[in-house]
Amino acid sequence: MDISIRLKAITDMVEKCNCCADIGTDHGYIPIYLIQKEICNKVIASDINKGPIEKAKKNIKLEELEKFIQCRIGGGLTTIKPGEVNSAIIAGMGGNLIRDIIEESKDVFKSLDYLIVQPVQNPEILREHIYTEGYEILEEDLCIDENKYYEIMKIKYNNKIQKVDTIFYEISKYLIDNKHPLIKEYVVKKIDKYEKICHAISEDTKLARNRRREVKDKIYRLKELLLCL
Ligand SMILES: C[S@@+](CC[C@H](N)C(=O)[O-])C[C@H]1O[C@@H](n2cnc3c(N)ncnc32)[C@H](O)[C@@H]1O
């Protein structure tokens, strides 16, 4: 089965293992790919909603992979017992939701060799949480799929709190240190996004002035960072 650039970048981070869980599986493409490419022996495809699980089941049946992929319904990592899987993936959800899923099932998160997360919105909120909780960032990647940038992080439970400059919540230190080929254009894109946000704040309330100052500060810090890339 062919998968999108985003899903391929996610599955590229999965190491050969016995069992992986895909949380918020929807279409089930990730589990199907992981089995077909013999990356995992088994996959648990989990989703909070019945509709997506029915869709995943249909796609799994079409590929005749029912023996290798088990579908479960439930929220976040609550469908997984600690130690049941080697790794897990949470992709295509907002950074806030991914953070809440991790915290809701900390025992499961602690038992994983690693968790791959791919936030579609607010990656900076998730990265701030990872740093402030002291979780370990093992690897990161960035891809463009249909003109949209996607950040992917491979993390692991730890409690070594690292003080990092807050600009690294916005832009991955890992991707900068590893000179990712898309990092420069990604910073430019972020500057553009914040400039648009800044122009859109038109009111003259104290709240709006504070928000404008905050956004302008981010733009300034991102431009500073750009000069070093
Ligand atoms: C946009 S789809 C992403 C599908 C796939 N993971 C991907 O990256 O292409 C989001 C999926 O997450 C599911 N979802 C939303 N909140 C969830 C939660 N708390 N726990 C598990 N699944 C959830 C939705 O039902 C939906 O199927």
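The values are calculated or read from the model by the stated rules, or taken from the named source; none is laboratory data. Since the structure is predicted, the reported quantities are computational estimates derived from the model, not experimental observations. Note that each Cβ is placed from the backbone with ideal geometry, even for glycine, and that neighbours are counted across all protein chains shown. Ligands, DNA and RNA are excluded from the accessible area calculation, which covers all protein heavy atoms including side chains. Shrake-Rupley method; radii C 1.70, N 1.55, O 1.52, S 1.80 Å.
For Thr166 paired with Gln36, estimate the spin-label separation in nm (one decimal), with each label point 7 Å from Cα along the Cα-to-Cβ line.
4.5
Within 10 Å of each candidate Cβ there may be at most 14 other Cβ atoms; applying that plus a DSSP loop requirement, which GluC sites (Glu not before Pro) in region 147-229 survive?
Glu203
Go through region 66-79 residue by residue and turn each phi into a ³J(HN,Hα) via Karplus (6.51, -1.76, 1.60, θ = phi - 60°); whole Hz please, and just put x for glycine and proline.
4, 6, 10, 10, 9, 9, 9, 10, x, x, x, 8, 5, 7
Taking H placed 1.01 Å from N in the peptide plane, check which residues at least 5 places from Ala21 or on another chain put their amide H under 5 Å from its amide H.
Ile44, Ser87, Ala88, Ile89
How much accessible area does Leu97 have with a 1.4 Å probe, in Å² rounded to the nearest 10?
Roll a 1.4 Å probe over it and Leu97 shows about 90 Å².
Name the long-range amide H neighbours of His180: under 5 Å, sequence gap of 5 or more, or other chain; modelled H, no Pro or chain starts.
none
With a probe of 1.4 Å, find how much accessible area the chain has per residue, and write the answer as a whole number in Å².
On a per-residue basis, the chain sits at 53 Å².
With the full set of protein chains in place, find how many percent of the accessible area of region 46-190 is carbon and sulfur; take the probe as 1.4 Å.
48
Considering only DSSP beta bridges where both residues belong to the chain, give the percentage that are antiparallel (nearest 5).
Of the beta bridges lying entirely in the chain, close to 35 percent run antiparallel.
Find the relative contact order for the chain and round it to a whole percent, using C-alpha pairs within less than 8 Å whose residues are 6+ positions apart.
Averaging sequence separation for qualifying contacts and normalising by length gives 14 percent for the chain.
Helix 206-227 sits at what angle to the longest principal axis of the chain, using alpha carbons and giving 0 to 90 degrees rounded to 10?
Result, in degrees: 80.
Treating only the Cβ atoms of Lys and Arg (+1) and Asp and Glu (-1) as charged, compute the dipole magnitude of region 66-164 about its Cα centre; round to the nearest 20 debye.
Computed about the Cα centre, the dipole is about 300 debye.
Show me the trypsin sites (Lys or Arg not before Pro) within region 24-95 that DSSP assigns to loop and that have at most 12 other Cβ atoms within 10 Å of their Cβ.
The qualifying sites are Lys67.
To the nearest 10 square angstrom, what accessible area does His180 show with a 1.4 Å probe?
Result for His180: roughly 30 Å² accessible.
Which three extents, in angstrom, do the Cα atoms of the chain have along their principal axes, listed largest first?
Principal axes ranked by extent give 58, 37, 36 Å for the Cα atoms.
On a 0 to 90° scale, report how tilted helix 95-104 is relative to the longest principal axis of the chain, with both axes built from alpha carbons and the result rounded to the nearest 10.
50
Just to be sure I understand: with springs between alpha-carbon atoms less than 10 Å apart, which residue in Pro31, Pro123, Pro82 has the highest mean-square fluctuation in the Gaussian network model of the chain?
Fluctuation is largest for Pro82.
On average, how much area does the Cα convex hull of region 171-226 cover when viewed from any direction, in nm²?
The Cα convex hull of region 171-226, projected and averaged over all directions, gives 3.8 nm².
I'd like the Karplus ³J(HN,Hα) series for region 111-116: coefficients 6.51, -1.76, 1.60, θ = phi - 60°, whole numbers in Hz, and an x wherever there's a Gly or Pro.
Ordered by residue, 3J(HN,Hα) equals 7, 7, 5, 6, 10, 9 Hz.
To the nearest 20 debye, what charge dipole does the chain have about its Cα centre, counting +1 at the Cβ of each Lys and Arg and -1 at the Cβ of each Asp and Glu?
With Lys and Arg at +1 and Asp and Glu at -1, about 440 debye.
Through the Karplus equation 6.51 cos²θ - 1.76 cosθ + 1.60, θ set to phi - 60°, convert the phi angles of region 153-163 into ³J(HN,Hα) values in whole Hz; use x for Gly and Pro.
Here the 3J(HN,Hα) series is 10, 10, 10, 8, 5, 6, 10, 9, 5, 10, 7 Hz.
Rounding to the nearest 10 and keeping the result within 0 to 90°, find how far the Cα-based axis of helix 183-200 lies from the longest principal axis of the chain.
With rounding to tens, the tilt is 60 degrees.
Which of the trypsin sites (Lys or Arg not before Pro) across region 89-188 are loop residues per DSSP, with 15 or fewer other Cβ within 10 Å?
When the trypsin sites (Lys or Arg not before Pro) of region 89-188 are filtered for loop state and at most 15 Cβ neighbours within 10 Å, Lys160, Lys163, Lys179 remain.
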